[in-house]
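Down below is the structure, laid out as structure tokens.
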Amino acid sequence: MASSLSRWLVDPKKNPLAAIHKKTIFGRLRKYGLRYDDLYDPKYELDVNEALNRLPREIVDARNQRIKRAMDLSMKHDYLPEDLQAMQTPFRSYLQEMLALVKKEQAEREALGALPLYERTIP
């Protein structure tokens, strides 16, 4: 019951409030030229750090460039020009598949009692 309720709450196709939230996030990310996966912090979640280390260099460089551009625009209290905003794809994922693989490998290692890929403690 609780899992079906939580799935309904976050599914934009079924819950109108989730659809409004997704549309709002889409607009805000598009104004700065970010993707949703850019919001994951590799220093906070070590699985994200490991997934980013496994991605090709050009994908990570593009991510870093988007983040730098967004910080620059934010400091200037400005947004991307409208023509560039129209080209943005905030919900095109580049990290989720690798992140799922890293989490799966970590769960397997923990189940087997092997050494983890990394220490789970964050200073």
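Table for the structure above
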read-out: Candidate set from the stretch 60-106 (those that are of a type in the set (Asp, Glu) and not in a loop (DSSP other than H, G, I, E, B)); member that is farthest from residue 34 (Cα to Cα); value: 105
read-out: Qualifying residue in the stretch 80-100 (condition: open to solvent by 50 Å² or more (accessible area, probe 1.4 Å) and touching a residue at least 60 places away in the same chain (Cβ under 8 Å)); value: yes
read-out: Subset of the stretch 23-42 [without any contact (Cβ under 8 Å) to a residue 12 or more places away in the chain, over 20 Å from residue 104 (Cα atoms) and open to solvent by 50 Å² or more (accessible area, probe 1.4 Å)]; value: 23, 24, 28, 39
read-out: Residue match in the stretch 65-87 (condition: farther than 24 Å from residue 25 by Cβ, charged (D, E, K, R) and within 19 Å of the chain's Cα centre (by Cα)); value: no
read-out: Subset of the stretch 44-71 [free of Cβ contacts under 8 Å to residues at least 12 places away in the same chain, open to solvent by 80 Å² or more (accessible area, probe 1.4 Å) and over 17 Å from residue 90 (Cα atoms)]; value: 53, 57, 58
read-out: Complete set of residues in the stretch 32-59 that are hydroxyl-bearing (Ser, Thr, Tyr) and assigned to a helix (DSSP H, G or I); value: 32, 36
read-out: Failed criterion for residue 64 (all others in (1) touching a Phe, Trp or Tyr at 6+ places or on another chain (Cβ under 9 Å); (2) modelled with pLDDT of 95 or more; (3) not acidic (Asp, Glu) hold); value: (1)
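The values are calculated or read from the model by the stated rules, or taken from the named source; none is laboratory data. Not measured: the values here are computed from a predicted model. Note: ideal-geometry Cβ built from the backbone for every residue, glycine included; neighbour counts use all protein chains shown. Please note that ligands, DNA and RNA were not included when accessible areas were found on the heavy atoms of the full protein model with its side chains. Shrake-Rupley method; radii C 1.70, N 1.55, O 1.52, S 1.80 Å.
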